[in-house]
Amino acid sequence: MAPKSSRIIKYRDVKDRIARKIESGSYALGERLPSEKDLATAYAVSIITIRQAVELLAREGYVEKVQGSGTFVRHLRPSTHRAMWGLSVPSLCDLWYPQIAEGLEEVAAAAQAQVVVFSTDLDEYPGDSIRRAVAMGIQALAVLPSMRRPLDPASLLELTERKFPYVCGGEFPANITAPRVLCDLYHDGRISAEYLLDLGHKRIAFLSQPPQSLSQAVFTGYRDALVAAGLSPWPTAGVYAETIEELDIYRAVRALLSLSPCPTAIVCTYEVAAHVACQAALDVGLRIPADLSVMGYGGVDLGLEPEFSISTVEVPKRRMGTEMGRMLLKLAKGEKVPEETVLPGSLLPGQTTGPPPE
């Protein structure tokens, strides 16, 4: 029997020979490798040795074994040791974040980096998850803010002091000086109102979760569009739910619809709020959009039935991710990046808006 060490050397040697063929293009990207029997014949080794060699190729990323189909070439020159980037999001369940993650991963993959996504809303102490991620060895970080629980600025200030590369995807406290990618909230609020004005609406209400910098920026754009048209918000300061919970949003909509005269359109600051507004209107006998038009914000697919295809301003979420990724690449190289990159949304008409009732 051959010594164990010689068997190890043999399958590693076969693995290296197959890898060189992959790198040279003899086995093309996406091509299925010959069968274990054919490989064993070609390399004059046992099937067991081939099996061990292919297993090592799979672990190193050259090939992928597909059950029932064979083994396929997936990378010509895979990197077995990748840098890790972190993406901090408030919740892994929020539909707002997958597209941002996709954009960031696109840039990270090109830089041979792996993105680790983690949430902050469940931290026992604010900033814990960020500190843990840094301790795990991430080399760069993209941070998105939370509506439910403000992120502890101390954890970010610690990164600043260490000159750790990180970027923010939204508004953060003034003492956080990291580069940030922002939605053009004023622009987005304004085009929502202008779209409804063009449809002929004059009583256009504003509905949001509790007041914060995001909702106030959208409100300002909405208000300025009305003022430019010789109108005023209805009611004057807008309507705000007590919390971001759907029941509180529902109560705020019912209070809004009890006004006399009733608004003919509502600008909402989130898709969920728009969906709740539609449901509350239907519950009091109003038709959408014949009696009431509703605008959402964000462009998040809630997976709802067709009659709730919400008119909205779509935020370029994937582009937010790619812009943050590009910033991280430059910061990692010691290059300068803009303090702010502002991305406007685009109007996306749906089935919840139409002309006002006669």
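The values are calculated or read from the model by the stated rules, or taken from the named source; none is laboratory data. Model, not experiment: these values are computed from the prediction. Note that each Cβ is placed from the backbone with ideal geometry, even for glycine, and that neighbours are counted across all protein chains shown.
For the stretch 92-114, the set of residues classified as among the hydrophobic types (A, V, I, L, M, F, W, C), in contact (Cβ under 8 Å) with a residue 24 or more places away in the chain and closer than 23 Å to ARG148 by Cβ consists of LEU92, LEU95, TRP96, ILE100, ALA101, LEU104, listed by residue number.
For every residue, the table says whether it meets (1) in the same structural domain as PRO211 (by TED's automatic domain parsing); (2) touching a residue at least 24 places away in the same chain (Cβ under 8 Å); (3) exposed (fewer than 15 other Cβ atoms within 10 Å of the Cβ); (4) not in a loop (DSSP other than H, G, I, E, B).
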site: TRP234; (1), (2), (3), (4): yes, yes, no, no
site: ILE244; (1), (2), (3), (4): yes, yes, no, no
site: LEU256; (1), (2), (3), (4): yes, yes, no, yes
site: CYS262; (1), (2), (3), (4): yes, yes, no, no
site: ALA281; (1), (2), (3), (4): yes, yes, no, yes
site: ARG287; (1), (2), (3), (4): yes, no, yes, no
site: VAL294; (1), (2), (3), (4): yes, yes, no, yes
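Do we have any residue at all in the stretch 97-104 that's farther than 26 Å from GLU31 by Cα, exposed (fewer than 15 other Cβ atoms within 10 Å of the Cβ) and among the aromatic types (Phe, Trp, Tyr)? No, the stretch 97-104 contains no residue that is farther than 26 Å from GLU31 by Cα, exposed (fewer than 15 other Cβ atoms within 10 Å of the Cβ) and among the aromatic types (Phe, Trp, Tyr). Remark: GLY238 falls outside the filter, which requires a residue to be closer than 25 Å to PRO173 by Cβ, in contact with a Gly (Cβ under 6 Å, 6 or more places away or on another chain), surrounded by 13 or more Cβ atoms within 10 Å (Cβ to Cβ) and not β-branched (Val, Ile, Thr).
Counting residues that are closer than 30 Å to ARG149 by Cβ, which strands (runs of 3 or more DSSP E) fully inside the stretch 26-91 reach at least 2? Before you say what the answer is, go through the steps one by one.
Values: elements: 63-66, 70-73, 83-89.
Here the list reads 83-89.
Applying a threshold of 6 Å to beta carbon distances and a minimum spacing of six or more residues, or different chains, the list of pairs starting in the stretch 332-358 at a residue that is part of a loop (DSSP other than H, G, I, E, B) and ending at one that is charged (D, E, K, R) reads VAL337/LYS330; PRO344/ASP184; GLY345/ASP188; GLY345/GLU314; PRO357/ASP291. Of all residues in the stretch 122-165, those that are in a strand (DSSP E or B), in contact (Cβ under 8 Å) with a residue 60 or more places away in the chain and within 26 Å of SER215 (Cβ to Cβ) total 1. Exactly one condition in (1) under 30 Å from GLU271 (Cα atoms); (2) surrounded by 19 or more Cβ atoms within 10 Å (Cβ to Cβ) is false for TYR62; which is it? Of the numbered conditions (1) under 30 Å from GLU271 (Cα atoms); (2) surrounded by 19 or more Cβ atoms within 10 Å (Cβ to Cβ), the odd one out for TYR62 is (1). Under the condition of being touching a Phe, Trp or Tyr at 6+ places or on another chain (Cβ under 8 Å), within 23 Å of GLU105 (Cβ to Cβ) and surrounded by 17 or more Cβ atoms within 10 Å (Cβ to Cβ), the residues counted in the stretch 122-170 number 13.
The one condition from (1) modelled with pLDDT under 95; (2) part of a helix (DSSP H, G or I); (3) crowded, with 18+ Cβ neighbours inside 10 Å that GLU307 does not meet is (3). Close contacts from the stretch 37-55, counting a first residue that is closer than 13 Å to LYS15 by Cα and a second that is not in a helix (DSSP H, G or I), with Cβ to Cβ under 6 Å and a gap of 6+ residues or different chains, come to VAL54/THR71. Check VAL117 against each of (1) closer than 23 Å to LEU329 by Cβ; (2) modelled with pLDDT under 90; (3) among the aliphatic types (A, V, I, L, M) and name the one condition it does not meet. Evaluating VAL117 over (1) closer than 23 Å to LEU329 by Cβ; (2) modelled with pLDDT under 90; (3) among the aliphatic types (A, V, I, L, M) leaves (2) as the failure.
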